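Beneath this line is the structure, given in structure tokens, with notes to follow.
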Amino acid sequence: MDGGRSLHSSKPRDPKISPGPEILEIPAKAANAASAARVANAARAARVASAAGAATGSCSIRSQMKAWRCAAVGVIAVVAIVQILYYFPRAIDDMFIYLRYAENAASGNGLVYNVGEQVEGFSSPAWLGLLTIGIWVGFNPITWSKLLAVGSLVALLFGQHRFARERLRIGQVGSWRGLLPLLLPALTACCSYAMCWGMLGLETPLYLALMVWSAVTFGRYVDRPSRRRLVISGAVCGAFALSRPESSLMLAAIGAGLVLARSDGTDLRTRAMRVVVGAIPAAASFLAYVVFRRAYFGLWLPETYYAKVPASWQARSLLQLVGDGASLPEVVVMCGGLLLAAVMAWRRRDGVVIALALATGVYISKAGVDWMPSVRLWVPLYLLVPGAWLVLADELAGRAGGPRARRRIAIAGLVAIALVLGGTMLHQLGTDMRYSIYGFRARGSKSWTSSKSAARLHNSWLSLTHEWTPEVSKLDRFNMGMLTQTYRLIESDARPLEDTWFIGHDIGLVGYVTPVKVWETPGLFTRDIRIHGNTGIQSQPVTPALLNAAINRPIAMTELFANEWTTPIARDPVLSQRFEPTGGWAYLRERGAARPSQQQILERYQAALDKFPSWLYLTDMYGGPLTAAFERRARVVAEPPPPPTTPPPR
């Protein structure tokens, strides 16, 4: 056993061969490092997987929101297109006043209605300027007016989305709250008041679009001033200042609202100075036109101011917002929205909505009750005040993820807002027209509104495709609606119409389709009304000087419904011998004036029809026949007279 080694030998090992403690620790450290690396790699893999999953989920959410946003935009576009097509054929008489002014301007005759009379009988230099450009280029005046209207409505809808995002600051990106800004243009697309006035041929759609974009661009400059933003804001606000008589008041309201909204932490003095600087281009544009008005027309104020604005304030006109056919959801939206807008201004979130609402109320109180339907002067509130409800919805949605009790309250509030706004959208979408107090009384005080129907939609489609509606063939031979005034003139006098005068009111159509000179009794562009002291649209006694100024001209036809005009003419022995009544003393023609021949009448109707687009039949503002009525009347004239009836033998 000496050659062997005992396992329990006490003989010491050779230190050169036997490992020490530090060498024995190496395998343990390596094992620990490998284990730690595996743990780290596993954790890193878990983080990568988690990040990948989160990215995938985020991409999925963004894809879903993009799909929902595209669907929402598609629905808004469809509703807006249907509304535009429904109202596209309609026109209001004042539309033709603009077109005659624009035609004269494009032809080089100046800004005149009757050539040689420089009177400002229009309310929107910006709208008239755009019309004049299109006519000068070669567009049909009516077609160009409709295209401008559609373009303005599209700009309005886009502007409302930007207003909701930038001024109201609603819509969290990456969640369903990002869809909230689209609800503001959706409400407008459903608002028949806005869409109707957008297509009737006046400056309303341009005014509304410029109002919204003025708030957006002006706000951008005030929040973050730069030269580029000042130029853009100045151009938009300058155009807005010339779009309506009350635009300067509305621009002041926008500026005041921007001063109140100090969400960026800027002090009041700094924002006020930015507003003053930003308003300079618009003020310069407005003042330049005022100087031009004084030099060209001879007045500091437009002629329409003296004809339309009453001397006293009309507080009763404010009731139209909550009465005169307003539905319950509309009342809740307006009253609640104004309260919420005031709270927004107090919290420094936004002051533009409440400022514009107050300015609109002041203007309407001074202008009085508008005879035109569909609450024309209140439309700005129907476009902006619902935004206050969307701000509340955005805040409630942000709290819906909190404690259970708070979540229930938030959800209940969101449901209530959806019911109120949804009820308003459905009511307005189904409304064709909402009448003023005057229209309500004229229709027997039976209903404040008329509803859309399949028959009316079909009539709009027939007019768009240049086909007669069923109502055309049913027109009475003598009472032909909006055409009655014009056909009486066309068939009354053989003298060249450009050498004669028509005296009456609502003279837009008769002045557009004929070259007759017009003396207009309300005084929109007739200086004699203002000069002789009979200003305003209220019934006032006709002074002898005013009566003499009216009739001291070659007259082809009149339309004088007011007793203030017909009574003194009928009682005056000289005037009653000069004129003969045709259908009462409202329609007068000069005795002894030669009647036009059938051929001359038909030529006049053809000249009138040539003024209309060949692809469209216009209707009046209520959907009644207009262009087709000219064709119907021409056929009546062309028909041989019925044979005389012989009395039966006794």
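The values are calculated or read from the model by the stated rules, or taken from the named source; none is laboratory data. What you are looking at is a predicted structure, and each value in this text was computed from that prediction instead of being measured. Using ideal geometry, Cβ is built from the backbone for each residue, glycine included, and neighbour counts are taken over all protein chains shown.
Look at the range 436-485 and say how many of its residues are out of contact with any Phe, Trp or Tyr (no Cβ under 6 Å at 6 or more places or on another chain) and of a type in the set (Phe, Trp, Tyr). Total satisfying the criteria: 3. Only a single criterion out of (1) more than 35 Å from the chain's Cα centre (by Cα); (2) outside any helix (DSSP H, G or I); (3) of a type in the set (A, V, I, L, M) is not satisfied by Ile503, namely (1). Taking the conditions (1) in a loop (DSSP other than H, G, I, E, B); (2) surrounded by 16 or more Cβ atoms within 10 Å (Cβ to Cβ) in turn, Phe96 satisfies each one other than (1). For the range 307-324, a tally of residues being out of contact with any Lys or Arg (no Cβ under 8 Å at 6 or more places or on another chain) and in a helix (DSSP H, G or I) returns 8. The C-beta contact set for the range 107-123 (first residue touching a residue at least 60 places away in the same chain (Cβ under 8 Å) and closer than 15 Å to Thr304 by Cβ, second residue β-branched (Val, Ile, Thr) and not in a loop (DSSP other than H, G, I, E, B), distance under 8 angstrom, 6+ apart or interchain) comprises Tyr113/Ile97; Tyr113/Val518; Glu120/Thr304; Gly121/Ile97; Gly121/Thr304; Phe122/Ile97; Phe122/Thr304; Ser123/Thr304. Within the option set Ala189, Ala253, Ala209, Ala261, being within 23 Å of Val276 (Cβ to Cβ), of a type in the set (Gly, Ala, Ser) and modelled with pLDDT of 95 or more holds for one residue only, Ala253. Across the range 366-383, the number of residues qualifying as modelled with pLDDT of 90 or more and either within 17 Å of Thr449 (Cβ to Cβ) or small (Gly, Ala, Ser) (or both) comes to 5. Looking across the range 110-166, not a single residue is buried (at least 16 other Cβ atoms within 10 Å of the Cβ), among the β-branched types (Val, Ile, Thr), farther than 27 Å from Trp501 by Cβ and over 17 Å from the mean Cα position of the chain (by Cα).
Looking only at the range 343-363, which residues are surrounded by fewer than 22 Cβ atoms within 10 Å (Cβ to Cβ) and among the hydrophobic types (A, V, I, L, M, F, W, C)? The answer is Val343, Ala345, Trp346, Leu358, Ala359, Val362. In the range 588-618, the qualifying residues are those that are surrounded by 12 or more Cβ atoms within 10 Å (Cβ to Cβ) and of a type in the set (Asp, Glu), and the one that is farthest from Leu575 (Cα to Cα) is Glu603. Within the option set Ala405, Ala416, Ala412, being surrounded by 15 or more Cβ atoms within 10 Å (Cβ to Cβ), among the small types (Gly, Ala, Ser) and more than 30 Å from Ala628 (Cα to Cα) holds for one residue only, Ala416. The residues of the range 509-529 that are in a helix (DSSP H, G or I) and under 14 Å from Tyr487 (Cα atoms), listed by number, are Leu509, Val510, Gly511, Tyr512, Val513. Of the residues making up the range 506-527, those that are more than 29 Å from the chain's Cα centre (by Cα) and touching a residue at least 60 places away in the same chain (Cβ under 8 Å) number 4. Cβ-Cβ distances below 7 Å connect the following pairs, each with a first residue in the range 435-446 that is in a helix (DSSP H, G or I), a second residue that is of a type outside the set (Phe, Trp, Tyr), and a separation of six or more residues or different chains: Ile437/Asp324; Ile437/Val369; Gly439/Pro373. Cβ separations smaller than 9 Å between residues 6+ apart or across chains give the following pairs from the range 61-85 residues that are at pLDDT 95 or above to residues that are among the hydrophobic types (A, V, I, L, M, F, W, C) and not in a helix (DSSP H, G or I): Gln83/Cys191. Would you check if there is a residue in the range 611-620 being part of a loop (DSSP other than H, G, I, E, B), touching a residue at least 40 places away in the same chain (Cβ under 8 Å), among the basic types (Lys, Arg) and farther than 28 Å from Glu103 by Cβ? No. Condition first: under 18 Å from Thr188 (Cβ atoms) and not acidic (Asp, Glu). Can you find one or more residues in the range 357-365 that meet it? Within the range 357-365, one or more residues are under 18 Å from Thr188 (Cβ atoms) and not acidic (Asp, Glu). For the range 232-247, taking the residues that are of a type in the set (Ser, Thr, Tyr) and under 13 Å from Ser123 (Cα atoms), the one that is surrounded by the fewest Cβ atoms within 10 Å (Cβ to Cβ) is identified as Ser247.
Could you please let me know if Gly623 is free of Cβ contacts under 8 Å to residues at least 24 places away in the same chain and assigned to a loop (DSSP other than H, G, I, E, B)? Judged against the criteria, Gly623 is not a match.
In the condition set (1) within 30 Å of Gly398 (Cα to Cα); (2) charged (D, E, K, R); (3) touching a Lys or Arg at 6+ places or on another chain (Cβ under 8 Å), Arg165 is compliant with all but (3). Within the range 364-402, if we keep just the residues that are under 21 Å from Gly171 (Cα atoms) and surrounded by fewer than 18 Cβ atoms within 10 Å (Cβ to Cβ), the residue that is farthest from the chain's Cα centre (by Cα) turns out to be Gly402. Selection of the range 632-641 for residues being part of a helix (DSSP H, G or I), of a type outside the set (Lys, Arg) and without any contact (Cβ under 8 Å) to a residue 60 or more places away in the chain yields Ala634, Ala638. Within the range 570-585, the set of residues being at pLDDT 90 or above and buried (at least 17 other Cβ atoms within 10 Å of the Cβ) comprises Phe579 only.
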